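Novice: First the structure, which I've put down as structure tokens, then a few questions once you've had a look.
The values are calculated or read from the model by the stated rules, or taken from the named source; none is laboratory data. Because the structure is a prediction, the values reported are computed rather than measured. Here the Cβ is made from the backbone with ideal geometry for all residues, glycine too, and neighbour counts use every protein chain on show.
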Amino acid sequence: MEWQVDEAGRLSTFTLHQSLKFRDQYRFDKGEIEYARLETKGELEKVTVIGRVNSSFYQQARQAGLTPNQIQNLVSALQWRFDFGRQSHRGDQFAIQVDKEFIDNKPVSSGNISAMLYRAGDRDIFIYRHTDGHFYDEQGQSLDRALRRIPTAKRYRISSSFDPHRKHPITGRISPHNGTDFATPVGTSVLAAGDGVVVKARKHPLAGNYIVIKHGREYSTRYLHLHRILVKPGDHVSMGQRIALSGNTGRSTGPHLHFELLKYGHPVNAMKVPLPEAHPVPSQDRRVFERQAKRAKQALEQRLNG
Ligand SMILES: [Zn+2]
């Protein structure tokens with residue numbers, strides 16, 4: 001704490017030092033109180049942490065000093081390229097560059113991750129953060145897809161796969177199964193597979209409550225047997241946005257989510273087809289990005305090799 005008094009002995013400012021970086025200041029002036037949160041800008045320094053996976057990436061990254069939040073960011077940035085749950089193994093190595101802020105030689109925050117090199121066996125995966133805050137690969141390609149294969153926050157068992165020659169479970173006749181069924185309990189959040197516009201949100205005797213979203217010119221997705229619809233036709237939705245609660249409406253043998261991906265109006269197997277990539281680093285930034293990414297990659301390689 002720190003305070004000042006005027007000639008008459010009245011309190012004029014009172015400052016509470018919350019941390020090296022932040023302090024709350026109150027100024028007292030003619031019966032009014034003015035409040036400001038003051039921030040000290042420290043020095044940004046690149047800190048590299050390295051580790052070798054023993055039990056799990058999460059555990060070793062925690063030991064190396066990353067926060068759960070930072071680890072979650074990496075795992076989700078790489079979800080299309082690398083599945084840490086299944087593909088990371090004992091002996092994998094990682095080097096992660098963090099931009100840390102220091103004041104009086106003391107770190108004042110956990111910092112932002114700017115680059116990671118992950119060595120899974122003989123495969124190197126490298127990502128680098130652009131000034132827009134997103135991670136890209138070293139060529140500046142997006143790590144995201146314009147569409148997700150699974151429209152729920154976690155994976156559910158596939159109770160019926162895409163199958164153009166399937167025998168229908170209720171009628172017994174050959175009737176193509178144009179989508180993938182996920183065994184979601186009633187009330188599971190259904191998420192938009194990509195950015196797009198809702199073109200249908202209504203009830204149908206067979207499909208139950210259902211939604212159709214158009215994603216650009218080529219693709220659309222359909223979500224059937226919903227319990228509750230949370231969007232309406234004309235709504236713009238973004239990837240991962242909650243659009244409905246899954247259910248068991250229409251002609252359905254049990255609670256599930258039927259999810260379809262259509263390309264130029266024809267159903268395709270959402271679990272298998274190659275999906276479009278999201279936008280790369282803009283071309284005017286590309287050269288600078290590539291140069292910085294390359295430098296960061298070399299520095300991390302040296303740490304792993306040396
Ligand atoms: Zn189905």
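Novice: Among the residues of the range 7-17, write down those that are farther than 15 Å from ILE33 by Cα and part of a loop (DSSP other than H, G, I, E, B).
Specialist: GLU7, ALA8, GLY9, listed by residue number.
Novice: Would you tally the residues in the range 245-274 being crowded, with 16+ Cβ neighbours inside 10 Å and away from the ligand (no atom under 16 Å from the Cβ)?
Specialist: The total comes to 1.
Novice: Still on this structure, please answer the following. (1) touching a residue at least 40 places away in the same chain (Cβ under 8 Å); (2) farther than 21 Å from GLU301 by Cα; (3) of a type in the set (D, E, K, R): which one isn't true of ARG37, the others all being true?
Specialist: That leaves (1) as the condition not met.
Novice: May I ask you to list the residues in the range 140-175 that are touching a helix residue (DSSP H, G or I) at 6+ places or on another chain (Cβ under 9 Å) and at pLDDT 90 or above?
Specialist: Listed by number, the list holds a single entry, GLY140.
Novice: Suppose we filter the range 193-230 for residues that are over 24 Å from PRO164 (Cα atoms) and of a type in the set (A, V, I, L, M, F, W, C); how many remain?
Specialist: 6
Novice: Any idea which residue in the range 267-306 is farthest from GLY51 (Cα to Cα), counting only those that are outside any loop (DSSP other than H, G, I, E, B) and of a type in the set (Val, Ile, Thr)?
Specialist: Looking at residues that are outside any loop (DSSP other than H, G, I, E, B) and of a type in the set (Val, Ile, Thr), I get VAL268.
Novice: To continue, here is another question. Out of the residues in the range 175-194 that are without any contact (Cβ under 8 Å) to a residue 60 or more places away in the chain and within 15 Å of the ligand (Cβ to nearest atom), state the one that is farthest from GLU260 (Cα to Cα).
Specialist: It comes out as SER175.
Novice: Tell me whether the range 134-156 contains one or more residues that are without any contact (Cβ under 8 Å) to a residue 60 or more places away in the chain and on the phi > 0 side of the Ramachandran plot.
Specialist: no
Novice: Taking into account only those residues within the range 110-128 that are modelled with pLDDT of 95 or more and not hydrophobic (A, V, I, L, M, F, W, C), which is nearest to the ligand (Cβ to nearest atom)?
Specialist: TYR118
Novice: I'd like to check something: does the range 115-131 contain any residue that is of a type in the set (Ser, Thr, Tyr) and more than 30 Å from PHE289 (Cβ to Cβ)?
Specialist: Within the range 115-131 (the criterion being of a type in the set (Ser, Thr, Tyr) and more than 30 Å from PHE289 (Cβ to Cβ)), the answer is no, since none of the residues qualifies.
Novice: Among the residues of the range 143-159, which ones are within 15 Å of the ligand (Cβ to nearest atom) and either within 17 Å of LEU226 (Cβ to Cβ) or surrounded by 17 or more Cβ atoms within 10 Å (Cβ to Cβ) (or both)?
Specialist: Result: ILE150, PRO151, THR152, TYR156, SER159.
Novice: Taking the range 198-214 only, how many residues are touching an Asp or Glu at 6+ places or on another chain (Cβ under 7 Å) and over 10 Å from ILE243 (Cβ atoms)?
Specialist: Matching residues across the range 198-214 total 0.
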